[in-house]
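Reviewing the structure listed below.
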Amino acid sequence: MSFFKGILFGAGLGTLGGLLLAPRKGDETREKLITNTRELVLLTDELNDNLADFRESLVTLKGTFDTLVPAFKSGVEKDVEEFRFQAQPRIQQIQAQLDKINQALPQTEEKSVIKKGRFSLERPAEEK
């Protein structure tokens with residue numbers, strides 16, 4: 001808030017200095033000074049009202065956020081758990097099918113590959 005007060009204070013001093021140094025009669029200068037001061041006070045009051053409204057809006061938004069986020073989080077966690085519950089049997093079925101496929105595949109001899117330069121040599125793997 002001190003930043004805004006500094007801006008308003010500087011604007012007020014600049015206006016006052018400009019009015020006092022302007023080539024006008026004393027009465028005109030005083031009337032202009034009073035008018036500008038009233039306008040400055042009105043602008044300051046309006047700015048304070050707008051800042052208060054903004055603050056109230058932020059408080060309302062935070063309250064809404066604090067209410068909605070836990071409910072949303074709970075819903076997502078529930079959905080994830082339900083998905084896991086439904087997916088687990090399917091994953092087990094897929095794993096069983098993979099095991100059957102692996103058992104049905106012919107067993108191949110493992111080979112070791114020795115690579116030197118552009119050439120590679122395949123040899124049956126040595127049994128231990």
| said: Against the condition of a type in the set (G, A, S), out of contact with any helix residue (DSSP H, G or I) (no Cβ under 8 Å at 6 or more places or on another chain) and at pLDDT 90 or above, how does S120 come out, does it pass? | reply: no
| said: Suppose the filter is open to solvent by 100 Å² or more (accessible area, probe 1.4 Å) and at pLDDT 90 or above; does K62 pass it? | reply: yes
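Let's see how each residue does on (1) open to solvent by 60 Å² or more (accessible area, probe 1.4 Å); (2) touching a residue at least 40 places away in the same chain (Cβ under 8 Å); (3) assigned to a helix (DSSP H, G or I); (4) touching a helix residue (DSSP H, G or I) at 6+ places or on another chain (Cβ under 9 Å):
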site: F4; (1), (2), (3), (4): yes, yes, yes, yes
site: G10; (1), (2), (3), (4): no, no, yes, no
site: G14; (1), (2), (3), (4): no, no, yes, no
site: G17; (1), (2), (3), (4): no, no, yes, no
site: I34; (1), (2), (3), (4): yes, no, yes, no
site: E56; (1), (2), (3), (4): yes, no, yes, no
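The values are calculated or read from the model by the stated rules, or taken from the named source; none is laboratory data. Predicted, not measured: the structure shown is a model, and the values here were computed from it. When we count neighbours, we look across all protein chains shown, and the Cβ atoms used for this are built from the backbone with ideal geometry, even at glycine. SASA here: full protein model, heavy atoms, side chains in, ligands and nucleic acids out. Shrake-Rupley method; radii C 1.70, N 1.55, O 1.52, S 1.80 Å.
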